[in-house]
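Participant: Okay, here's the structure, questions in a sec.
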Amino acid sequence: MFTIYKQMVKLFDFRKGNSCLIRVLVVVFLFSTTIHAQVSFGIPEKWNDNWKFLLGDEPQAVSNNYDDSKWRILDLPHDWSIEAPLSPNLASCTGYLPGGIGWYRKSFHLSDSLKKEKVFIYFEGVYKESEVYLNGHLIGKRPNGYISFMYDLTPYLYSEKENVLAVRVDHSESADSRWYTGSGIYRNVWLIHSRKTHIDQWGIFWQAKQIAKNAALLDVQVNIKNESGEKQNLIVQLELFSAEGRVVSRNFQKTLLQKTDSSKLMSLPLKIKNPVLWGLQHPYLYRLKTSILCDNKIVDESIVSVGLRFLHFDPDKGFSLNGENIKIKGVCIHHDAGCLGVVVPHKVWKRRLLNLKKIGCNAIRMSHNPQAPDVYDLCDELGLLVMDEAFDEWKYPKKKSITGWNTGTPGYQGNYSFFEEWAEQDIKDMVLRNRNHPSVFLWSIGNEIDFPNDPYSHPILETATFNQPSVLGYLPNNPPAEELGAIAKRLAKQVRMYDSTRPVTAALAGAVMSNETEYPYVLDIVGYNYSEFQYEKDHQKYPNRIMFGSETGNSFASWKATRDNDYIFGQFLWTGIDYLGESREWPSRGYKHALLDLAGFLKPEGCFRQALWDTKPFIYIGTFSTGNGIDRSLNALPIWNYSLGEDIRVVCYTNCSKALLKLNGRIVGQLKEYNDDKGFITWNIPFKSGLLEVVGLNGGKEVVKYAIQTTARSYAIKAYTTDIVLKKDKDVAQVEIQIVDKNGIPVLLSKDEITCQIEGPAKLLGLESGDNQDMGNYRDNVQPVYNGRLLAYIQTIGKSGEIRITFTSPWLKSADIFFTVE
């Protein structure tokens with residue numbers, strides 16, 4: 001069993017103090033929408049505006065005297081790959097989009113207020129192989145494109161003349177990943193300034209000593225950094241606020257830092273009466289304030305949010321959150337958003353995550369790398385658990401498809417090239433940045449590192465079948481699988497050094513092989529990728545092993561293997577959202593079998609999953625013609641337009657015990673019981689136009705209905721949005737466009753081309769249809785709909801006013817939508 005919270009310790013009294021005061025913001029699984037939650041110190045300034053960019057390599061750009069007057073001016077975040085046209089001559093693994101080398105430069109003067117301060121620059125993510133220069137000096141390099149990092153600029157800043165920051169980004173190995181990565185400074189950049197005595201980066205961490213109904217006790221670790229060269233008398237104070245703004249707990253502690261003390265780690269208890277827990281249905285977040293005061297003056301201050309919860313894992317009974325046993329109904333996600341590339345605004349992620357949660361999803365796997373801070377913040381806010389993951393490859397490269405998924409001769413570029421030098425630092429930084437999020441409940445040190453013969457091999461492969469009709473065969477010249485255990489020990493040790501409150505796991509693709517090594521035994525919990533056939537055998541052979549489906553297909557059988565076995569605590573479905581890369585042969589933008597499409601629209605696959613996962617009565621029907629011999633039972637669209645008398649298969653996804661089918665009010669499909677062998681109900685009926693309705697019953701009573709209808713030709717464009725008032729500073733609106741007939745019924749068969757025109761202080765970021773095979777330009781203002789739908793991304797440009805957006809198409813009634821920008 002693996003239970004997460006520490007022993008109870010003696011409770012304490014809060015007493016006032018004096019002298020220099022450090023108010024420390026403590027966190028019980030910390031969350032914030034501000035930079036404070038990421039770095040835990042200083043005063044942050046978003047530093048995204050007015051950079052200069054050059055696509056190409058220009059080594060002289062490190063010099064302050066370099067003439068960049070002809071460079072492109074842009075705002076960050078920025079992904080240069082998504083701006084390029086798709087090409088069949090590029091690698092399919094990264095979505096037929098290019099990489100390259102790019103340079104960014106920003107000139108600035110140091111304000112008077114910063115001349116006596118420490119000044120840092122913080123990058124949320126740069127893909128990849130970044131080099132940062134200030135005034136010609138190399139400040140640092142960071143090869144991993146998914147890790148957040150910070151540099152101290154202070155030693156090289158000019159106080160009286162212009163400073164120049166230059167960043168070189170090298171993605172010249174453009175086929176270095178099995179999915180689309182993007183290229184450039186694709187996440188936010190922050191300039192942070194602080195006094196010479198401040199909380200260290202990621203220097204706040206809590207551990208729960210007790211969580212009970214009437215009280216919770218936290219141990220809060222605060223790492224204080226002293227760069228003043230002087231003795232410091234300090235006091236650490238904790239102030240915890242309820243979600244309603246009421247102070248619910250305080251504490252403080254005095255400390256003395258000597259001149260020689262560069263840092264000091266302190267531990268403070270914090271007691272909370274009648275704690276409200278963070279959970280999936282009620283993700284309650286406290287707020288904690290951290291300040292550093294000296295002689296009653298604030299030196300440093302930070303505000304974060306707090307979520308209290310406890311976890312328990314059992315090899316026989318699975319997983320429980322706050323004492324309640326639950327099944328993990330999770331999905332894997334990559335980090336792009338179709339036409340936006342990897343520059344994905346907060347609101348876009350929120351819409352996507354909410355759509356997943358509506359299906360019944362309760363957990364997200366960060367595949368296969370740390371993702372943007374916004375995603376973790378939203379999971380905290382919305383009540384979604386997170387499996388955080390560090391790597392997709394370790395010491396050796398995996399195969400990368402170049403001409404289509406699993407076809408042709410593979411490539412071997414990858415992030416393995418810097419693994420040995422940077423692995424411990426990268427996984428340390430992942431844990432330090434994310435360890436205070438209540439949503440994070442698992443640390444994964446790798447995905448499918450043990451894929452048999454790609455690259456690791458073992459003699460067991462001469463006899464093991466991996467649920468296939470033939471053995472894979474042992475490749476003695478490949479790296480030996482025994483290496484997996486030694487590397488896993490290094491990584492797991494690093495994780496536990498900085499957070500022992502969560503279990504360490506990994507997603508195993510070859511458990512049959514890995515079981516012959518130390519690898520699974522290093523882990524607290526073992527993840528199985530596409531290995532349902534192995535569940536029962538390994539549960540019997542390793543009775544103390546905690547197991548789950550770290551990556552599964554979307555079949556009903558894979559869900560039943562989770563649902564029907566208490567010892568399998570959940571599954572992470574591949575995948576939650578369609579993504580760029582891992583493309584099939586041209587034309588193919590990426591993977592297309594997820595629950596949501598590239599635009600974040602719900603697909604039939606998502607409706608099927610909702611029938612399996614949702615706890616409320618749910619029903620859906622889709623259809624397809626039986627005449628072409630293609631079985632679309634798991635991705636049947638809600639269309640009722642065919643030829644008179646044509647034989648049509650009607651597929652019903654439901655969690656009701658029974659269902660019947662009506663056409664124009666008459667029963668055409670007899671009452672049928674839910675089929676627990678297939679996971680859905682079907683009827684075959686001859687087509688006749690009208691209203692096709694399915695009725696779900698429980699206990700003989702109608703509980704839910706769903707209907708589709710024969711449509712006329714396309715008649716009008718409808719536009720919808722949830723945001724009509726926007727902020728002027730790069731706020732984003734997502735406008736859903738639907739083609740309807742003269743009766744207002746959605747026309748899914750429409751392929752009409754939409755033109756978008758904007759009047760007012762906004763710009764179009766892109767039009768996304770979700771069509772995986774449309775290899776055209778998604779960044780202009782013209783795009784055909786797909787399944788009758790389209791999504792427009794609109795961004796404000798820093799000015800107040802009124803926005804009018806008009807959507808037109810030949811022969812169709814246009815649509816206008818209006819926004820106010822404040």
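Participant: Across region 656-667, in residue order, what do the Karplus-derived ³J(HN,Hα) couplings come to in whole Hz, using 6.51 cos²θ - 1.76 cosθ + 1.60 with θ = phi - 60° and x for Gly and Pro?
Facilitator: 7, 6, 8, 8, 9, 10, 10, 10, 6, x, 9, 5
Participant: Keeping the other protein chains in place, figure out the carbon and sulfur percent of the accessible area of region 617-679, with a 1.4 Å probe.
Facilitator: 47 percent
Participant: In terms of modelled amide H atoms, which long-range or inter-chain residues lie less than 5 Å from the amide H of residue 294?
Facilitator: The list, which skips near neighbours in sequence, is 21, 299.
Participant: Name the residues whose placed amide hydrogens come within less than 5 Å of the amide hydrogen of residue 266, ignoring near sequence neighbours (fewer than 5 apart) on the same chain.
Facilitator: Those lying under 5 Å, H to H, from residue 266 are 222, 223, 224.
Participant: What's the angle, to the nearest 10 degrees (0 to 90), between helix 346-359's Cα axis and the longest principal axis of the chain?
Facilitator: Taking Cα atoms only, the helix is inclined about 50 degrees.
Participant: Oh, and also: How many Å² of accessible area per residue for the chain, probe 1.4 Å?
Facilitator: 39 Å²
Participant: Moving on to the next point. Could you name the lysines in cross-link range of residue 289, using Cα to Cα under 23 Å and dropping any fewer than eight places away on the same chain?
Facilitator: Hits, sequence-local ones excluded: 16, 46, 118, 196, 209, 225, 254, 264, 271, 273, 297.
Participant: Compare 676, 316 by solvent-accessible area with a 1.4 Å probe and give them largest first, with all protein chains kept in place.
Facilitator: Per-residue accessible area, sorted high to low, gives 316, 676.
Participant: For region 526-543, just list the computed ³J(HN,Hα) in residue order, Karplus coefficients 6.51, -1.76 and 1.60, θ = phi - 60°, integers in Hz, with x standing in for Gly and Pro.
Facilitator: 10, x, 10, 9, 6, 10, 4, 4, 9, 4, 5, 4, 6, 5, 6, 6, 10, x
Participant: For region 624-664, just say rounded, prolate or oblate: build the C-alpha gyration tensor, square-root its eigenvalues into a ≥ b ≥ c, call rounded for a/c under 1.5, and beyond that prolate if a/b exceeds b/c, oblate if not.
Facilitator: oblate
Participant: Once ligands and nucleic acids are excluded and a 1.4 Å probe is used, how much of residue 45 is accessible, expressed in Å² to the nearest 10?
Facilitator: Spelled out: residue 45, probe radius 1.4 Å, area about 90 Å².
Participant: Using amide H atoms built 1.01 Å from N in the peptide plane, name the residues 5+ places from residue 40, or on other chains, whose amide H lies under 5 Å from its own.
Facilitator: Residues meeting the criterion, in which the H sits 1.01 Å from N, are 202.
Participant: Considering the zone a paramagnetic label at residue 496 would reach in this model (a point 7 Å from Cα along the Cα-to-Cβ line), which residues of region 197-233 have amide N under 20 Å from it?
Facilitator: Counting backbone N atoms under 20 Å from the label point, the list is 206-209.
Participant: Taking θ as phi - 60°, what are the ³J(HN,Hα) couplings along region 494-504 by the Karplus curve (6.51, -1.76, 1.60), each to the nearest whole Hz, with x for Gly and Pro?
Facilitator: 5, 4, 5, 5, 10, 7, 9, 8, 10, x, 9
Participant: Please report the spacing between the Cα centers of region 564-608 and region 144-167 in Å, no decimals.
Facilitator: Each part reduced to its Cα centre gives a spacing of 39 Å.
Participant: Counting only protein heavy atoms and using a 1.4 Å probe, what share of the accessible area of region 528-595 belongs to carbon plus sulfur, as a whole percent?
Facilitator: Answer for region 528-595: carbon and sulfur cover 47 percent of the accessible area.
Participant: Return one number: the angle in degrees, 0 to 90 and rounded to the nearest 10, between the long axis of the Cα atoms of helix 419-434 and the longest principal axis of the Cα atoms of the chain.
Facilitator: 90 degrees
Participant: Also, I was wondering about something else. For Cα extents along the principal axes in Å, one of (i) 87, 79, 49; (ii) 89, 64, 62; (iii) 83, 62, 45 was computed from the structure I shared and the rest are decoys. Which label?
Facilitator: (ii)
Participant: Sort out for me the Cα centre separation of region 69-121 from region 737-811, rounded to whole Å.
Facilitator: Region 69-121 and region 737-811 have Cα centres spaced 27 Å from each other.
Participant: Which of the aspartates and glutamates could be linked to residue 161 by a straight reach, that is with a Cα gap under 16 Å, when you skip same-chain ones fewer than 8 residues away?
Facilitator: 112
Participant: Still on this structure, please answer the following. What do you reckon, how do 368, 312 stack up by accessible area (1.4 Å probe), largest on top?
Facilitator: 312, 368
Participant: Then there is this: Give me the percent of DSSP beta bridges within region 507-599 that run antiparallel, rounded to the nearest 5.
Facilitator: Antiparallel bridges: around 15 percent, rounded to the nearest 5.
The values are calculated or read from the model by the stated rules, or taken from the named source; none is laboratory data. This is a predicted model, so every value here is computed, not measured. Glycine gets a Cβ as well: all are built from the backbone with ideal geometry, and neighbour counts include every protein chain shown. The accessibility values were calculated without ligands, DNA or RNA, using every heavy atom of the protein model including side chains. Shrake-Rupley method; radii C 1.70, N 1.55, O 1.52, S 1.80 Å.
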